[in-house]
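Student: Mind looking over this structure? Questions follow.
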Amino acid sequence: MTYYAVIDTNVLISALLSKNSDAATVKVLRAILDGRIVPLYHNEILNEYDAVLHREKFHFKEESIQAVLAAIKWFGVEVFPQPTGKILIDMDDLVFYEVAMEKRNENAYLVTGNQRHYPIRDFIVTPAEMMGIIELE
């Protein structure tokens, strides 16, 4: 089965920083590459990925950043969400929430390591929870 998911930036950062191939964030990235997760994105999300992954403190190689961005675009689906009017703790996260909401009729998830930034909803899951959902199939 294929799952649609908006991947929060912190998940990508954790995956790229991890030395543990069994880390849930690494498994999420791998699930994108093998087609089990179809990433949902919007241009604002891609811009955030690009800006954050290029932060000097992470020391990510340009090739790694470009590979991740290319994979999101290649394997993903661009979504043009309608405004929800939702107020979040960090309004920069709103586009992630709204993209997920736009595809809720297709059971889309929002995968994040910062659940406290979002309302409590069953489709907003941690990387480990997302992998648990996938592995139940």
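Student: Determine the dipole magnitude for the stretch 3-135: charges of +1 sit on the beta-carbon of Lys and Arg, -1 on that of Asp and Glu, nothing else is charged, the reference point is the Cα centre, and the result goes in debye to the nearest 20. Before the final figure, lay out the partial values.
Tutor: Values: 13 positive and 19 negative charges, 53 e Å.
So the magnitude is around 260 debye.
Student: On to the next question. With point charges of +1 on the Cβ of Lys and Arg and -1 on the Cβ of Asp and Glu, referenced to the Cα centre of the chain, which listed residue (88, 4, 111) lies farthest in the positive direction of the dipole?
Tutor: In the chain, that residue is 111.
Student: To continue, here is another question. Which of the aspartates and glutamates could a cross-linker span from residue 103 if the Cα-Cα distance has to be under 13 Å and same-chain partners fewer than 8 positions apart are dropped?
Tutor: Here the aspartates and glutamates satisfying the reach criterion relative to residue 103 are 78.
Student: If you plug each phi of the stretch 76-93 into the Karplus form 6.51 cos²θ - 1.76 cosθ + 1.60 with θ = phi - 60°, what whole-Hz ³J(HN,Hα) values come out, in order, with x for Gly and Pro?
Tutor: The phi angles translate into x, 10, 6, 10, 10, x, 7, x, 9, x, 6, 9, 10, 4, 10, 5, 5, 7 Hz.
Student: How would 65, 32, 37 line up from fewest to most surrounding beta-carbon atoms within 10 angstrom?
Tutor: Placing the least packed residue first, the sequence is 65, 32, 37.
Student: Using mean Cβ contacts within 10 Å as the protection proxy, how do 117-125, 49-57 order, highest first?
Tutor: Most protected by this proxy first, the peptides run 117-125, 49-57.
Student: Mind checking which of 68, 132, 101 is farthest towards the positive end of the stretch 3-135's charge dipole, using Cβ charges of +1 (Lys, Arg) and -1 (Asp, Glu) about the Cα centre?
Tutor: The residue sitting farthest along the positive end of the dipole is 132.
Student: Can I ask one more? If you average the sequence gap of Cα pairs under 8 Å that are 6 or more apart and divide by the length of the chain, what percent do you get for the contact order?
Tutor: 33 percent
Student: In addition: Given axes a ≥ b ≥ c from the Cα gyration tensor, I'd like to know whether the chain is rounded (a/c under 1.5), prolate (a/b larger than b/c) or oblate.
Tutor: Note, shape of the chain comes out rounded.
Student: While we're here: Of the listed peptides 24-30, 41-47, what is their order by residue-averaged count of other C-beta atoms within 10 Å, with the highest listed first?
Tutor: Working: 24-30: 21.4, 41-47: 16.0.
Ranked from most to least packed, the peptides come out as 24-30, 41-47.
Student: Using the structure shown, list the pairs from 19/57; 61/86; 27/57 with a Cα-Cα distance above 26 Å, or answer none.
Tutor: The answer is 61/86.
Student: On to the next question. Apply the Karplus curve 6.51 cos²θ - 1.76 cosθ + 1.60, θ = phi - 60°, to the phi angles in the stretch 13-19 and return the couplings in whole Hz, x for Gly and Pro.
Tutor: With the stated coefficients, the stretch 13-19 comes to 4, 4, 4, 6, 7, 5, 9 Hz.
Coordinate-derived values only; no laboratory data. This is a predicted model, so every value here is computed, not measured. Note that we place each Cβ from the backbone using ideal geometry, even for glycine, and neighbour counts take in every protein chain shown.
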